[in-house]
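Student: This is the structure I have questions about; it appears just below.
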Amino acid sequence: MAEGFFGELADKVGYPFNQIPVAAFTNYGGGFTQASLCGCIGAAAACIGSVCEPDTAKKILGELENW
């Protein structure tokens, strides 16, 4: 998920998105090895937070989690 998001931004926008190591998101899969949180939610939170102001990011993430 993070690779698709940041990879697309890296291709279209370039810096700073082409500097993000998407391999850092590998442990998000399987709920951070605890199966307690879907890795997609954590990666989505990082993606949302990287392009939105904090208050907006919180609202969007809240909607995503409630969905």
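Student: Of everything in segment 36-67 that's surrounded by fewer than 13 Cβ atoms within 10 Å (Cβ to Cβ) and of a type in the set (Gly, Ala, Ser), which residue is modelled with the lowest pLDDT?
Tutor: The qualifying residue modelled with the lowest pLDDT is SER36.
Student: Yes or no: segment 20-35 includes at least one residue that is hydroxyl-bearing (Ser, Thr, Tyr), at pLDDT 90 or above and in a helix (DSSP H, G or I).
Tutor: Initial filter on segment 20-35 (hydroxyl-bearing (Ser, Thr, Tyr)): 26, 28, 33.
Next, from what is left, pick out any that are at pLDDT 90 or above: none.
No - not one qualifying residue is present in segment 20-35.
The values are calculated or read from the model by the stated rules, or taken from the named source; none is laboratory data. What you see is a predicted model, and the numbers here were worked out from it, not measured in a lab. With ideal geometry, Cβ positions are generated from the backbone for all residues, glycine too; neighbour counts draw on all protein chains shown.
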